[in-house]
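The values are calculated or read from the model by the stated rules, or taken from the named source; none is laboratory data. The structure displayed is predicted, hence computed values, not measured ones. Virtual Cβ from ideal backbone geometry, glycine too; neighbours counted across all protein chains shown. The accessibility values were calculated without ligands, DNA or RNA, using every heavy atom of the protein model including side chains. Shrake-Rupley method; radii C 1.70, N 1.55, O 1.52, S 1.80 Å.
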Amino acid sequence: MTTTIAIIIGLVCLGIGALAGMYFSKSSMNSKANIILEDAKKNADNLLEKATAQAETIKKEKNLQAKEKFLELKSQHDADIQAREKKIQEIEKRTRDKEQKLNDELSRTGKLEKDLEKQVADYTKKQEILERKQQELSTATAQKVEMLEKIANYSAEEARAELVESLKAEAKTRAQAHVQSIMEEAQMNAKQEARKIVIQTIQRIGTEQAIENSVSVFNIESDEVKGRIIGREGRNIRALEAATGVEIIVDDTPEAILISCFDPVRREIARLSLHRLVTDGRIHPARIEEVVEKTRKQIEEEIIEVGKRTIIDLGIHGLHPELVRVVGRMKYRSSYGQNLLQHSREVANIAATMAAELGLNVKLAKRAGLLHDIGKVPEQESELPHALLGMQWAEKYGENPEVINAIGAHHDEIEMTSLLSPIIQVADAISGARPGARRQVLESYIQRLKDLEAAALSFDGVSSAYAIQAGRELRVMVESGKVTDDRAAQLSYDISEKIQNEMTYPGQVRVTVIRETRAVNIAR
């Protein structure tokens, strides 16, 4: 292609030269033109020679490049062929190896089949021998049983039934003794650990117990003040009762006025208001309303201050302001004669000590112990149990889920989901069940003792039962002719199970079954 271009360039140059010659011949140019024409011809010839030489050079270069490309492609083709041949050789080798392994497996399989056939034949022979021996043994056993029946005049079924009954009774007795031993060992270990934790807790915590009533006594210097408090036609006392929501009893008690109300906060407001009015000397309806309002604000501030001081003393942080206020209101609330704030502080300390002994979160235990009875101080009456109401408040004000569950479950209203919940329940029982901590109604106490004795008397063979130690132990007397020693242990377990499942009681009840045999003779 390059040669063709060079030829075309040469022809173009020749044409240009021819045209130039014609032009110069027609116009009768001078010798100078001829000289120019000759130069042009020479230049054209030179150009043609250069183009031809360049075309040859380009042709040689292209041929050289084509040869190099051919050699490169050929070497690459040879390398691909060698690689394919190598792969084919590897595949052939793997195929030969597999064929060899397959042949070896087939030869081993043949040997195994022969061995298996031999083993099956041996097994068949042994099975036949075993069946024959079994048949002979069955025949001999039947003959022996028949012979024994003839000798003893007793059927095999009857003998088997009697043997089963005797073995069953013996097994039951041994099992009961074993169970009793295991239970006593487990109870002993559990009691030791529990007693250790409880004793350490009680030794480290001591709080004062305050017994409160629904009546407050306001002491006055003289009975003349009673008339001023009552006012003309009783207007002062009516205004005071309307402002405070309490009942003021003015009777013949010397130098004393009774303030009656189930809400301790209202009683305290009325008591402080009376004190201010008597000290100031100005007692009339307008002044009464003013003093009562100031006293109410003071009590609210004191409630918040008591709540803050309590959580600081216990090392509790991040409590919602509403819960702080509820904690402060506990100071003016009693539960079974026990001050609720002191009870809650005591439960918090007991729970923290137990949690520390058990390796649990001490801060959460204190928090749950302080808040476990917040449902007992509602400003408005609620139909919910105090545990569920307190749980709702704690959930509303963003308390920890373990604390919420401990509050709601400490009286078993909901299921316990963490180890903190039973600790709060036990701490509450310890604080409330200690002697002198709470007042108990005599009728309910006596009824509980009667229920314990009735539960024991409902069992066959029990002659008498006595509840002692404030209902913490039950002594059961049984008839020795009807109840054996082994049956006495079982009876003790059954009575304890019935009490546990059917009765509600604080702490635990120990059941002691007493069986004795007496032989009496009279010497005459």
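Scanning for something β-branched (Val, Ile, Thr), open to solvent by 90 Å² or more (accessible area, probe 1.4 Å) and without any contact (Cβ under 8 Å) to a residue 24 or more places away in the chain, does segment 228-239 turn up at least one residue? Checking segment 228-239: not a single residue is β-branched (Val, Ile, Thr), open to solvent by 90 Å² or more (accessible area, probe 1.4 Å) and without any contact (Cβ under 8 Å) to a residue 24 or more places away in the chain. Kindly indicate whether any position in segment 250-264 is part of a helix (DSSP H, G or I), among the small types (Gly, Ala, Ser) and out of contact with any His (no Cβ under 6 Å at 6 or more places or on another chain). The answer is no, given that none of the residues of segment 250-264 is part of a helix (DSSP H, G or I), among the small types (Gly, Ala, Ser) and out of contact with any His (no Cβ under 6 Å at 6 or more places or on another chain).
Of the residues making up segment 445-464, those that are of a type in the set (Gly, Ala, Ser), under 16 Å from Lys482 (Cα atoms) and open to solvent by less than 60 Å² (accessible area, probe 1.4 Å) number 3.
Every residue, every condition in (1) modelled with pLDDT of 85 or more; (2) open to solvent by 90 Å² or more (accessible area, probe 1.4 Å), yes or no:
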position	(1), (2)
Lys50	no, yes
Ala53	no, no
Asn63	no, no
Ala66	no, no
Gln76	yes, yes
Arg84	yes, yes
Lys87	yes, yes
Lys93	yes, yes
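Annotation note: Cβ proximity below 9 Å between a residue of segment 71-85 that is without any contact (Cβ under 8 Å) to a residue 60 or more places away in the chain and a residue that is outside any helix (DSSP H, G or I) (sequence gap 6+ or interchain) occurs for no pair. Can you name every residue in segment 343-363 that is under 29 Å from Pro264 (Cβ atoms) and either at pLDDT below 85 or not polar (S, T, N, Q) (or both)? Selection gives His343, Arg345, Glu346, Val347, Ala348, Ile350, Ala351, Ala352. Residues in segment 368-387 that are assigned to a helix (DSSP H, G or I) and open to solvent by less than 40 Å² (accessible area, probe 1.4 Å): Ala368, Gly369, Leu370, Leu371, Ile374, Gly375, Lys376, Ala387. Restricting segment 117-156 to residues that are at pLDDT 80 or above and acidic (Asp, Glu), the residue that is most open to solvent (accessible area, probe 1.4 Å) is Glu117.
When Ile303, Ile283 are checked against the criterion of being at pLDDT below 85, out of contact with any Asp or Glu (no Cβ under 8 Å at 6 or more places or on another chain) and open to solvent by 10 Å² or more (accessible area, probe 1.4 Å), Ile283 stands alone in meeting it. On the stretch given as segment 440-471, residues that are in contact with a Leu (Cβ under 9 Å, 6 or more places away or on another chain), among the aromatic types (Phe, Trp, Tyr) and modelled with pLDDT under 85 total 0.
If only residues of segment 332-390 that are more than 17 Å from Val426 (Cα to Cα) and of a type in the set (Asp, Glu) are counted, the one that is nearest to the chain's Cα centre (by Cα) is Glu383.
In segment 480-497, the count of residues that are open to solvent by 30 Å² or more (accessible area, probe 1.4 Å), over 30 Å from Ala429 (Cβ atoms), in contact with a Ser or Thr (Cβ under 9 Å, 6 or more places away or on another chain) and outside any loop (DSSP other than H, G, I, E, B) is one or more. Looking across segment 391-413 at every residue that is farther than 20 Å from Val426 by Cβ and not in a helix (DSSP H, G or I), the one that is least open to solvent (accessible area, probe 1.4 Å) is identified as Glu399. Checking each residue in segment 271-308 for being assigned to a helix (DSSP H, G or I) and either in contact with a Cys (Cβ under 6 Å, 6 or more places away or on another chain) or of a type in the set (A, V, I, L, M) (or both) picks out Leu272, Leu274, Leu277, Val278, Ala286, Ile288, Val291, Val292, Ile299, Ile303, Ile304, Val306.
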